[in-house]
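Novice: Before anything else, here's the structure in question.
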Amino acid sequence: MDPEISKSRIFRKHYLNEKLHFRVYGRLASSERNPEIRRVMKKLSALEGVHAGLWKMIVGEAGMGSSEAVIKAKLALFGIVRRLFGLAFTIKALEYSESNLMKKLSASETELKLSAKESNAIRRIKSSERSIETPLENKVIEYNSVLENIRDVIFGMNDGLVEVLAATVGLAAALQRPHLVLLGGLIIAVSGTLSMAGGAYLSTGYEKAVRAASSKKVAHTTPLKSALYVGAFYILGAIFPLLPFAFGASGTYGIALSLILTSVVLSVTATVIAVISGISIRRNVLKSLAISLGAAAVTIIIGAYARVYLHLAI
């Protein structure tokens with residue numbers, strides 16, 4: 001591929017990304033009730049507009065192409081993300097996509113053979129992002145306790161999915177009757193919920209005490225709130241592996257449905273965790289699936305052996 005064409009495509013991706021962020025921040029500002037957050041969102045929108053202008057200058061009108069339909073679709077998607085996960089997570093998601101693009105650009109700058117004009121423009125954008133954009137984004141996130149609650153939600157659900165899936169498919173490999181698998185899974189889910197909620201309550205309380213003792217900023221969340229979020233979403237996550245058996249599926253068919261359903265939901269939770277943590281989505285999804293399905297495989301083998309050697313007929 002012609003290096004100039006490759007460079008043009010990379011620059012166009014950055015331009016479209018900044019244009020999208022300009023539109024998203026503008027829409028978020030218009031729907032924000034808190035005047036301080038609205039003011040910061042407007043600043044971010046204006047800043048992204050400046051960055052989009054710099055990328056447009058680098059690419060030139062000839063390299064723009066048609067992009068409005070794509071931007072409108074992504075704008076709608078971020079609107080849904082805002083409703084489901086809140087403002088802080090939406091900003092994290094925007095920051096995640098921008099960070100990935102910048103990492104790829106930095107890794108390939110020597111190969112792209114940038115002109116002096118291109119290098120200066122990119123340097124200005126990077127400097128602006130470090131000194132102005134990132135502090136503004138962090139300021140908005142600090143105003144929101146939702147991100148901390150999302151961590152409790154996602155990690156609670158993730159544990160519920162992984163732990164109850166392993167137990168449920170192990171029981172399904174040993175027992176023929178789906179209502180017994182369901183009963184066993186529910187007992188494990190309830191005990192896990194109480195254990196996780198209690199652990200979250202204690203750990204959050206310890207964390208707040210340590211932060212207060214060291215004069216650090218105390219987290220927005222409370223031990224009780226953390227326990228409620230972790231417990232509620234642990235039991236919610238536990239429902240998915242159990243659903244096929246609740247509807248009468250059994251044996252290999254029930255196990256397969258449980259694995260598929262749990263894998264889909266687990267992939268979503270792993271994606272959210274990756275965005276919050278700033279790590280690779282693909283790597284985190286694959287790691288989560290490998291751990292979950294690996295644990296399930298072990299319990300299936302144990303259950304199958306128990307059925308054969310203990311002569312279980314229930």
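Only the coordinates and a few stated rules stand behind these numbers; no lab work does. Keep in mind that this is a model prediction, so the values were computed, not measured. Every residue, glycine as well, gets a Cβ built from its backbone with ideal geometry; the counts of neighbours run over all protein chains shown.
Novice: Taking the highest mean first, how do the peptides 239-247, 288-296, 156-164 order by number of other beta carbon atoms within 10 angstrom per residue?
Specialist: So the order, starting with the most tightly packed, is 156-164, 239-247, 288-296.
Novice: Does anyone have the angle between helix 223-246 and the longest principal axis of the chain? Alpha-carbon axes, 0 to 90°, nearest 10?
Specialist: Between helix and principal axis, roughly 60 degrees.
Novice: Can you compute the helix-only [θ] at 222 nm over the chain? Use -39500 (n - 2.57) per DSSP H run of at least 4 residues, normalise by all residues, nearest 500 deg cm²/dmol.
Specialist: Roughly -30000 deg cm²/dmol at 222 nm, from the helical runs in the chain.
Novice: Could you sort out which of LYS7/LYS56; LYS42/LYS139; LYS13/LYS43; LYS7/LYS74; LYS104/LYS139 sit more than 20 Å apart by Cα distance in this structure?
Specialist: Listed pairs above 20 Å: LYS13/LYS43; LYS7/LYS74; LYS104/LYS139.
Novice: Let me ask something additional. Excluding residues fewer than 8 places away in the same chain, name every one of the lysines whose C-alpha is closer than 19 Å to that of LYS225.
Specialist: Cross-link targets: LYS208, LYS217.
Novice: Right, another one. Summing +1 for each Lys or Arg and -1 for each Asp or Glu, what net charge is found among the other residues whose Cβ lies under 14 Å from the Cβ of ALA238?
Specialist: -2
Novice: Which of the three applies to the stretch 3-142, rounded, prolate or oblate, going by the alpha-carbon gyration tensor with a ≥ b ≥ c and a/c under 1.5 meaning rounded?
Specialist: Because a/c hits 1.5 or more and a/b exceeds b/c, the stretch 3-142 counts as prolate.
Novice: Mean 1/r over all different Cα pairs, inverted: what Kirkwood radius does the stretch 1-52 give, in Å?
Specialist: 11.9 Å
Novice: Now for a separate question. As a test of understanding, state the convex hull volume per residue of the stretch 146-309 from its alpha carbons, in Å³.
Specialist: Dividing the Cα hull volume of the stretch 146-309 by its residues yields 109 Å³.
Novice: Label the chain by shape, choosing from rounded, prolate and oblate, from the square roots a ≥ b ≥ c of the eigenvalues of the Cα gyration tensor; if a/c is under 1.5 it is rounded, and otherwise prolate applies when a/b is larger than b/c, oblate when it is not.
Specialist: Verdict is prolate for the chain.
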